[in-house]
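Down below is the structure, laid out as structure tokens.
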Amino acid sequence: MYLRQALKKKEDKSNNFSTGILVFEDGTKFFGTGIGHEGSAIGEVCFNTSITGYQEIITDPSYSDQIINFTFPHIGNVGTNIEDNEADRAWLKGVVINCNITEPSNYRSIKKLDVWLKKRKIVGIVGLDTRVITNYIRDRGAPKGTIQFLKKGRHNYKNLLNKARSWNGLVGLDLAKKVTCKKVYKWKSLKSWDKKNGYVKNKKNKYKVIAIDYGIKKNQLRCFSDISCGVTVVPANFPADQILKLKPDGVFLSNGPGDPAATGKYAIPIVRKLIEKKLPIFGICLGHQILSLALGAKTKKMPLGHRGANHPVKDLTTNKVEITSQNHGFEVDSKSIPKNVKVTHKSLFDGSIEGIEVKKKKLFSVQYHPEANPGPQDSKYLFEKFLKNIKAKKNGKKKRY
């Protein structure tokens, strides 16, 4: 049905006057109204099923080099503000939205989404049937595509198609180096957002965490402030010996974009050295994949990936189900898990690995996002688990000496 609709649109020459266009690598095209930045961009087209938190999603560095098709129709209706950015800049290529953006209706709103996108040079299209596009992606995997907004609507279809086809895609692409911080910095110890007080600073930094930035979200840093951990953030390729000189109580491996295997030349050796030093390590998303690779597992590209704030995950250690926030297009290959690594969580959508642990070494990681933003808070306990490992390590040292 959706393909017939797309073909019908191909035949309708009046659509050539639309200001926005999305062209897939197989030649399928969709027309709409352009918003945000006037220009074109190439990326992997994926869909996100969240119904809230579009600003946090757009500023999540894990979406670098992707175009997001939002399945929830009413995007932009609460505007944008200065508090909900998960990074200082947005790395994604474009957004596709069903309904025209209404006037913002929220007391926190400062700018309309259209203006906000324009400032960040993000190309957008509204007025498309995102259900049709979602079905298209579902049946073909996450395809490559070109998105364009031109006020005059004179789209060069062949040129846009060639751009989509010539891009190599995410497999083998190291994007962690692209989005990581350029120098070491200390997190300003702001805790999770509170409706009454906003972001409050934590003054009790009892423990020192080094966070390796592969594309870190600010809410991960806030979650550490919630549990009295001071955080120093280092670039993705920061040497292991330099990390050790900072004398961390634990090391955090952040989320991030791109192919985890492509980070092999620098990230995996660094993590292996940290494992040898028996430091407590906690990984999220790309950090989970890199930790798995360092332990001897392999990763692979998923047909669709998981993106949304409503994904059920089963904790195999407790048999409890958590509703989680997710954003990833690669996974750890279940056939490659070493014998000493325990699988702790699995997706109830497709059975893919969502968490691992090496208990004796105080190493664990999850594929999903316990810090949420957007999403449910079911999995925040994992930060407490990391803190427990840090305390156990420190107490062990005290007893020994």
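Things to note:
- Filter result for Tyr107 (buried (at least 24 other Cβ atoms within 10 Å of the Cβ), outside the structural domain of Ile216 (by TED's automatic domain parsing) and hydroxyl-bearing (Ser, Thr, Tyr)): no
- Residue match in region 70-84 (condition: of a type in the set (S, T, N, Q) and within 14 Å of Ile122 (Cα to Cα)): no
- Counted as qualifying within region 23-79 are the strands (runs of 3 or more DSSP E) with 1 or more residues that are over 22 Å from Thr102 (Cβ atoms) and within 14 Å of the chain's Cα centre (by Cα), namely 39-48, 66-70.
For (1) closer than 30 Å to Ile82 by Cα; (2) at pLDDT 95 or above; (3) among the aliphatic types (A, V, I, L, M); (4) in contact with a strand residue (DSSP E or B) (Cβ under 8 Å, 6 or more places away or on another chain), each residue gets a yes or a no:
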position	(1), (2), (3), (4)
Leu117	yes, yes, yes, yes
Ile122	yes, yes, yes, yes
Tyr136	no, yes, no, yes
Lys158	no, yes, no, no
Leu161	no, yes, yes, yes
Ser166	no, yes, no, no
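- Taking helices (runs of 4 or more DSSP H) as the structural unit, those lying wholly within region 85-184 and holding at least 1 residues that are without any contact (Cβ under 8 Å) to a residue 40 or more places away in the chain, in contact with a His (Cβ under 9 Å, 6 or more places away or on another chain) and closer than 20 Å to His37 by Cβ correspond to 113-119.
- Residues in region 201-231 that are in a loop (DSSP other than H, G, I, E, B) and touching a Leu at 6+ places or on another chain (Cβ under 7 Å) were compared, and the one that is surrounded by the fewest Cβ atoms within 10 Å (Cβ to Cβ) is Ile227.
- Residues of region 200-220 that are under 17 Å from Val233 (Cβ atoms), touching a strand residue (DSSP E or B) at 6+ places or on another chain (Cβ under 8 Å) and not charged (D, E, K, R): Asn202, Asn205, Tyr207, Val209, Ile210, Ala211, Ile212, Tyr214, Ile216, Gln220.
- Put simply, of Gly258, Gly264, Gly198 the only residue that is in the same structural domain as Asn389 (by TED's automatic domain parsing), touching a residue at least 12 places away in the same chain (Cβ under 8 Å) and surrounded by 24 or more Cβ atoms within 10 Å (Cβ to Cβ) is Gly258.
- Checked against the criterion of being at pLDDT 95 or above, closer than 14 Å to Leu22 by Cβ and within 23 Å of the chain's Cα centre (by Cα), region 188-203 contains not a single residue that satisfies it.
- Number of positions in region 257-283 that are on the phi > 0 side of the Ramachandran plot and within 21 Å of the chain's Cα centre (by Cα): 1
- Of the residues making up region 90-107, just one is among the charged types (D, E, K, R) and modelled with pLDDT under 95, namely Glu103.
- Some residue of region 315-336 being charged (D, E, K, R), modelled with pLDDT of 95 or more, exposed (fewer than 14 other Cβ atoms within 10 Å of the Cβ) and over 15 Å from the mean Cα position of the chain (by Cα): yes
- Residues in region 232-269 that are under 26 Å from Gly305 (Cα atoms) and part of a helix (DSSP H, G or I): Pro260, Ala261, Ala262, Thr263, Ala267, Ile268.
- Selected residue (only one of Arg272, Arg307 is crowded, with 18+ Cβ neighbours inside 10 Å and not acidic (Asp, Glu)): Arg307
The values are calculated or read from the model by the stated rules, or taken from the named source; none is laboratory data. This one's a predicted model, so the numbers in the text were calculated from it and none came from an experiment. Because the Cβ atoms are built from the backbone with ideal geometry, glycine has one as well, and the counts that use them run over all protein chains shown.
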